[in-house]
Amino acid sequence: LISVCVATYNGERHVAAQLASILRSPRVGEVLVSDDGSTDRTLAIVAGLADPRVRVLAGPRAGLIRNFESVLAAARGEIVFLSDQDDVWLDGKVDAMLAALEGADLVVSDCEVVDDALRTLHPSFFALRGSGPGLLKNLLRNSYLGCCMALRRSVLERALPFPADVPMHDWWLGLVAERWGRVRFLDRALMQYRRHGGNASSTAQRSAARWTRQLAWRWALARRLLARSGARP
């Protein structure tokens, strides 16, 4: 079974297009939409799709990281994809990611960075971010983009539950896979990554956090990886 985990919150503008692009693949077995308390028409739009593969979950209402933690824990698939509410998957994404996973535990693909109207801002997120594998490289500068990731259940078993102080879910998942698994960066744009004023994360942009805060994030991640090493064989 292939699961797609989607975190939503007031996503009425783009969620229909995103889910339609995901559901075009017949290989997707379930799409879990964890809604974190939307007050707009997000839930009505999702219900209107009337696709039996779509299942709506009540999010924990504790922010993006905990919403993803909750929906990932509910996934039943051996292979799990992460998805934001406002991007567009390109045809062939699922097949290409599954092929790449034959030799890896976590795959992250490139994507085209677009604006609200899907006009190209950057043809390659990898080029923009300097993306690539490596535990130390990604501890220092995260290049893991959750909406471009697919992973095996073995990664989730090691990564869940998320530590209380991880700065972002995709950063933690990527580092866990680097530490205990095989990681592949797929140099192919397989989706359109929409950047607009309502994005929940700012991975494609320079962090506005103070350097002391950024240092604290990396120290927390390193400590949690060490602690997780001792907790499990």
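How about segment 33-49: which of its residues are over 19 Å from the mean Cα position of the chain (by Cα) and charged (D, E, K, R)?
Asp40, Arg41
Determine whether segment 105-114 contains at least one residue that is at pLDDT 95 or above, closer than 17 Å to Gln18 by Cβ and over 16 Å from the mean Cα position of the chain (by Cα).
At the first step, the residues of segment 105-114 found to be at pLDDT 95 or above are 105-114.
Filter again for closer than 17 Å to Gln18 by Cβ, leaving 109, 111-114.
Subset that is over 16 Å from the mean Cα position of the chain (by Cα): 114.
Yes, the conditions are met somewhere in segment 105-114.
With (1) more than 26 Å from Trp219 (Cα to Cα); (2) under 17 Å from the mean Cα position of the chain (by Cα); (3) not aromatic (Phe, Trp, Tyr) as the list, and Ala99 as the residue in question, which single condition is left unmet?
Just one mismatch for Ala99, condition (2).
Which of the strands (runs of 3 or more DSSP E) found entirely inside segment 83-197 contain at least 2 residues meeting this: in contact with a helix residue (DSSP H, G or I) (Cβ under 7 Å, 6 or more places away or on another chain) and open to solvent by 10 Å² or more (accessible area, probe 1.4 Å)? Don't jump to the end; show me each part of the working.
On the way: elements: 106-114, 120-122, 149-152, 183-194.
Passing ranges, in order: 183-194.
Hey, any hits in segment 6-17 for a residue that's open to solvent by less than 50 Å² (accessible area, probe 1.4 Å), touching a residue at least 24 places away in the same chain (Cβ under 8 Å) and more than 19 Å from Arg195 (Cα to Cα)?
Within segment 6-17, not a single residue is open to solvent by less than 50 Å² (accessible area, probe 1.4 Å), touching a residue at least 24 places away in the same chain (Cβ under 8 Å) and more than 19 Å from Arg195 (Cα to Cα).
The values are calculated or read from the model by the stated rules, or taken from the named source; none is laboratory data. Remember, predicted model here, so these are calculated numbers, not experimental data. Ideal geometry is used to build each Cβ from the backbone, glycine not excepted, and the neighbour counts take in all protein chains shown. The area values use the complete protein model at the heavy-atom level, side chains included, leaving out ligands, DNA and RNA. Shrake-Rupley method; radii C 1.70, N 1.55, O 1.52, S 1.80 Å.
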